[in-house]
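Note sheet for the following structure.
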Amino acid sequence: MRRFEYHEPRNLEEVSDLLTTLGNGAFILAGGTDLLVEIRERLRDVKHLVDIKRVPGLSGVDYADETGLRFGAMVTAGQLEAAPGLAARYPNLHGALKVLASIQVRNRATVIGNICRASPSADTIPPLIADGAAIETWRPGGGRVIPLADFFTGPGRSVLTPGEIATAITVPPPAPGSRRAYIKHGRRKAMELATVGVAVSLDTEGGTCTGARIALGAVGPVVLRAPRAEAILVGSRLDAAAVSAAAEQAMQECTPISNVRSSAEYRREMVGVLTRRAVSQAMEVAA
Amino acid sequence: MKKTLLDLTVNGESRSFAVEGHRSLLDALREEGGLTGTKKGCDVGDCGACTVIVNGQPVNACLMLAIEAQGAEITTVEGLQASPDELHPLQEAFMEHGASQCGFCTPGILIMAKCLLDENPLPTDEEIRFGLSGNICRCTGYTKIFDAIRSAGKRMAQQGVEA
Ligand code: FES
Ligand code: FES
């Protein structure tokens, strides 16, 4: 492995200080499952690793009925996957965690690392955006709470400023009658990056859709919402005609590219298929 | 470059290695530790050949820095058997069923299968598949591996082996 210097700060202030002083070659090490690969494959020029494992307060997973789910920056995908009640309350997020890489990787990879890596194909981002998650940060002089939908500015880029640290994710509690699903599409079932990922989060009352959020992964520079498709669903009975119209609309709202995993045309087509499928799967699983 | 003294427990024994900050746990186990049972297939987290148990959880040793394992308890494939002349039921079953060809994936699969059977000695095929989805075997086609895991599981369930 290429050489770098390893740092082990004890609190957020020290982390932030190190990141600012060491500059461009310094990166936060949480799970390391992406970063260590990027170092080995020389995709990123890393001179300093700032390990945040000794920083207190970053490892909890909590749920409260009023405030919803909250988990810290050191929470691994495996830990969150196993959190009691997660599968029932957030089946879309749980589904995304279950298909993220392998058990071994999930035992190291942190969810916030998956998010901060800002890949448009990251599995955890679509369900969290569909569920209205927000990210909490720390920086000298006061942190911020940023809606996850506004967090990304491009592939690998986010609104985090130098020295700012993502510390936790919060996800509002599911409303009664909420229905959710995430569908990942790839060439194989395991150890795969999503070719397309679609998450839906629907609110229903007496069979009528009162709120809809659709998040599309791997079909744009960032994970996208499909607001016009959502508008078609809201007020409908989620009948076949409404769902088909929304799926068609979602196809128009995405901006896929062609790459080694798939062509843009195929991705767009799959957005339609998966949006339809995700809505029907969500309606089968009562949240 | 500066070396850090790493104290850890490997297969029940206290060990200390001096490692540089950029050294992977996999390299440290194989080179400083002399434990070459754990294999380096891809070195980027894709193949599972380097799977070891760290503080009770299976992880890819190639995706972890040695220094991150400070104070940890580690089990490698060398630690599976209870004593030099008593193999783990999984090891017996892999031999009986011929579940290994070139053998490169075998240590990682044994470790992963142990983690699976410890929780669930009688897994369904779907559960075995899910458990092994991070372990790639390019030789066997997995049939014999599944046979071996099922039969070891049965044996462990009968004997109540706390592996
Ligand atoms: S060598 Fe670690 S996963 Fe392949
Ligand atoms: S036996 Fe050769 S890779 Fe599995």
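The values are calculated or read from the model by the stated rules, or taken from the named source; none is laboratory data. These numbers were taken from a predicted model, which means no experiment stands behind them. We place every Cβ from the backbone using ideal geometry, glycine too, and count neighbours over all the protein chains shown. Ligands, DNA and RNA are excluded from the accessible area calculation, which covers all protein heavy atoms including side chains. Shrake-Rupley method; radii C 1.70, N 1.55, O 1.52, S 1.80 Å.
Laid out as a table, the results:
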read-out	value
A:Leu193 paired with B:Glu78, simple spin-label distance in nm, labels 7 Å along Cα-to-beta-carbon	3.6 nm
In degrees, nearest ten, helix A:264-284 long axis to first principal axis of chain A (Cα)	70 degrees
Axial C-alpha extent at least 18 Å, average Kyte-Doolittle at least -0.5 - helices from chain B (DSSP)	B:106-119
Fluctuation leader among B:Glu92, B:Glu126, B:Glu78 - chain B, Gaussian network, Cα springs under 10 angstrom	B:Glu126
Gain upon complete extension [A:Glu66, A:Glu13; 0.36 nm per residue less C-alpha separation]	16.0 nm
Trypsin sites (Lys or Arg not before Pro) restricted to the range B:1-73 and DSSP loop, no more than 10 other C-beta within 10 Å	B:Lys2
Acute angle (nearest 10 degrees) that the helix A:240-253 long axis makes with the longest principal axis of chain A, alpha-carbon atoms	40 degrees
Label-point gap, in nm, between B:Asp7 and B:Ala157 - each point 7 angstrom along Cα→Cβ	4.3 nm
Straight-distance crosslink candidates among aspartates and glutamates, where the alpha carbon sits under 13 Å from A:Lys98 and sequence neighbours closer than 8 are dropped	A:Glu81, A:Asp123, A:Glu192, B:Glu127
Relative contact order for chain A, counting Cα pairs under 8 Å that sit 6 or more residues apart, in percent	16 percent
Residues with amide H under 5 Å from that of A:His48, placed H, sequence gap 5 or more	A:Glu5, A:Ala26, A:Phe27
C-alpha center-to-center spacing [the range A:152-177, the range A:1-38] in angstrom	20 Å
Percent RCO, i.e. relative contact order, over the range A:66-205, from Cα pairs under 8 Å lying at least 6 residues apart	31 percent
Pairwise centroid distance, computed over Cα atoms, of the range A:205-224 with the range B:11-63, Å	42 Å
Cα-based helix-to-principal-axis angle, A:12-22 vs chain A, degrees rounded to 10	70 degrees
Over the protein assembly as shown: helical MRE at 222 nm, DSSP H runs n ≥ 4 each giving -39500 (n - 2.57), nearest 500	-9000 deg cm²/dmol
Inter-part distance where the range A:229-278 and the range B:67-96 are each reduced to a Cα centre, Å	49 Å
Cα-based Lys proximity count in chain B, under 25 Å, for pairs eight or more positions apart or on separate chains	10
Chain B - percent of accessible surface contributed by carbon and sulfur, probe 1.4 Å	47 percent
In the range B:73-163, the trypsin sites (Lys or Arg not before Pro) that fall in loop regions by DSSP, at most 16 other Cβ within 10 Å	B:Arg138
10 Å Cβ shell holding at most 12 others, DSSP loop, GluC sites (Glu not before Pro): longest site-free stretch of chain A	A:67-287
Neighbour-limited loop hits for trypsin sites (Lys or Arg not before Pro), the range A:1-45 (at most 16 other Cβ within 10 Å; DSSP other than H, G, I, E, B)	A:Arg2, A:Arg3, A:Arg10, A:Arg42, A:Arg44
The protein assembly as shown shape via C-alpha gyration tensor axes, a/c threshold 1.5	oblate
